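We did not get these values from a lab; they are worked out from the coordinates using the rules stated. As the structure is a computational prediction, the values presented were derived from the model and not from experiment. Quick reminder, even Gly has a Cβ in these numbers, built from the backbone with ideal geometry, and neighbours come from all protein chains shown.
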Amino acid sequence: MGSTGSIGRQTLEVAQALGLRVCALAAHSNVKDLEQQVRAFRPNLAAVYDAQAARDLRVRIADTNTKVVTGMEGLCEAATYRTADLIVNAVVGMVGLKPTLAAAAAGKDIALANKETLVAGGALVMDAVRLRGVELIPVDSEHSAIFQCLQGTPRKALKKVILTASGGPFFGKSRAELQTVTPEQALQHPNWHMGKKVSIDSATLMNKGLEAMEAGWLFNVPLEQVEILIHRESLVHSLVEFADNAILAQLGVADMRLPIQYALTYPDRVPGLSQELDLTACGPLTFAKPDVKTFLCLWACLSAMQRGGLAPAAVNGANEAAVDLFLRRKIPFLRIGELVLAALEAQPDAPATTLDAILEADAAARAFVYRNA
Ligand code: NDP
Ligand code: MG
């Protein structure tokens with residue numbers, strides 16, 4: 001799911017290298033790339049969220065045996081495809097929530113890149129996963145690193161998780177210096193080539209805030225057990241500290257194909273596409289505290305994590321709307337953090353126990369941002 005995106009394309013590379021059968025693909029509207037993927041991977045099903053684009057794809061691939069479906073129903077059909085063992089959720093945004101819940105209910109293991117889903121609907125997703133006893137395997141590099149470091153140690157020995165952050169393109173900058181930055185500058189990530197939304201999230205440090213909440217759900221840790229450190233080199237993908245103060249880290253070159261592959265082969269490890277890390281050539285590894293006064297999105301996320309309930313869904317929804325506005329040059333860069341924080345303050349405290357409540361908080365936060373932009 002999200003096969004035409006940055007993670008989606010790399011997942012298909014890994015699947016091809018490992019000789020895995022791809023039985024369903026899903027995307028929003030990029031039918032040009034979907035057509036190529038259908039021809040290369042011959043899936044049984046292709047889900048295209050946008051109805052017009054779905055019609056277009058149907059015509060383009062009329063000579064194949066791939067069935068084309070559309071809308072949220074189509075996404076859920078792809079996420080629960082009969083012969084699939086595992087679904088890779090790499091769509092962007094909280095549109096991935098319903099298909100993830102559907103996949104878990106259908107007994108599919110889930111490799112999750114789509115962090116917004118866990119941020120907004122963590123309680124529901126974790127319940128669904130537990131209920132059906134399916135695996136939820138992180139693809140996000142930090143969470144994959146933590147997941148890898150936790151193998152073989154009882155969970156009760158975990159003292160804290162330490163998420164590393166590259167700091168993005170604006171590390172060390174003051175609010176004054178950030179006043180006039182453009183979408184082009186914000187999209188220039190120093191170490192990773194990613195989709196637009198996650199690239200902006202990296203520039204605002206929203207990404208690390210979302211990841212703190214994602215870690216909270218995946219590893220069952222409260223805010224006090226999540227530390228965030230800026231690590232400019234992006235070689236230590238994250239760390240865990242145990243009760244005895246031992247710290248374990250996972251290192252590797254910055255290449256998402258490694259965590260993607262691990263999610264597909266877990267608990268096994270096999271040779272893959274990513275390169276060896278030459279420790280003698282990579283220079284010193286540095287770590288520093290993040291600046292939450294400049295990067296308000298991170299501050300908003302940590303507050304939302306502390307509050308719990310619908311607060312995470314609100315900051316996530318507000319951010320999706322604010323990033324959309326920034327990319328369309330409707331608001332300046334710093335306004336993203338201000339709007340996310342204001343939307344959080346406007347969100348009343350309430351539990352996130354139903355899908356309707358989560359979707360409502362998400363919609364309210366988006367509306368708040370569009371209204372106050
Ligand atoms: P991209 O923007 O590159 O790709 C997004 C994908 O989602 C595209 O295939 C897009 O389809 C699809 N999509 C968007 N909306 C819908 C929808 N309504 N229905 C179906 N498909 C949809 O994003 P990334 O690959 O960079 O990121 C995907 C997720 O992974 C995000 O949650 C991100 O935070 C996370 N992530 C990404 C990393 C990276 O290195 N890129 C690293 C760690 C996590 P279309 O092309 O048709 O628009
Ligand atoms: Mg990450």
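Quick check on the chain: helices-only [θ] at 222 nm, where DSSP H runs of length 4 and up contribute -39,500 (n - 2.57) each and the sum goes over total residues. Nearest 500, please. Present the calculation step by step, with values, prior to reporting the outcome.
Details: 16 runs with 181 residues, N = 373.
So the helix-based figure for the chain works out to -15000 deg cm²/dmol.
In the range 1-160, the ratio of gyration radius to Kirkwood radius, Rg to Rh, stands at 1.00 when only Cα atoms are counted.
For the range 33-133, trypsin sites (Lys or Arg not before Pro) meeting the loop criterion (DSSP other than H, G, I, E, B) and having at most 12 other Cβ atoms within 10 Å: ARG82. Ranked by the mean number of other Cβ atoms within 10 Å per residue, highest first, peptides 295-304, 348-357, 260-269 order as 295-304, 260-269, 348-357.
Placing pseudo-labels 7 Å out from each Cα toward the beta carbon at ALA373 and ASP244 gives an inter-label distance of 5.4 nm. Between the range 63-133 and the range 134-188, the C-alpha centres lie 23 angstrom from each other. Per the Kirkwood formula applied to alpha carbons, the chain shows a radius of gyration over Rh ratio, Rg over Rh, of 0.95.
Here the Debye sum runs over all C-alpha atoms of the range 202-310 as equal scatterers in vacuum, and log10 of I(q)/I(0) at q = 0.10 Å⁻¹ comes out as -0.36.
Pair-distance distribution of the range 100-226: all C-alpha pairs, bin width 5 Å, starting at 0; shares per bin in whole percent are 2, 10, 18, 20, 18, 14, 9, 5, 3, 1, 0.
Considering all alpha-carbon pairs of the range 138-288, what whole percent are spaced by more than 19 angstrom?
Details: 6221 of 11325 pairs.
Counting pairs separated by more than 19 Å, the tail of P(r) holds 55 percent.
When the chain is fully extended, how far beyond the present Cα-Cα distance does THR354 get from ARG55, taking 0.36 nm per residue of separation?
Working: separation 299, 0.36 × 299 = 107.64 nm, distance 3.34 nm.
In short, 104.3 nm is gained.
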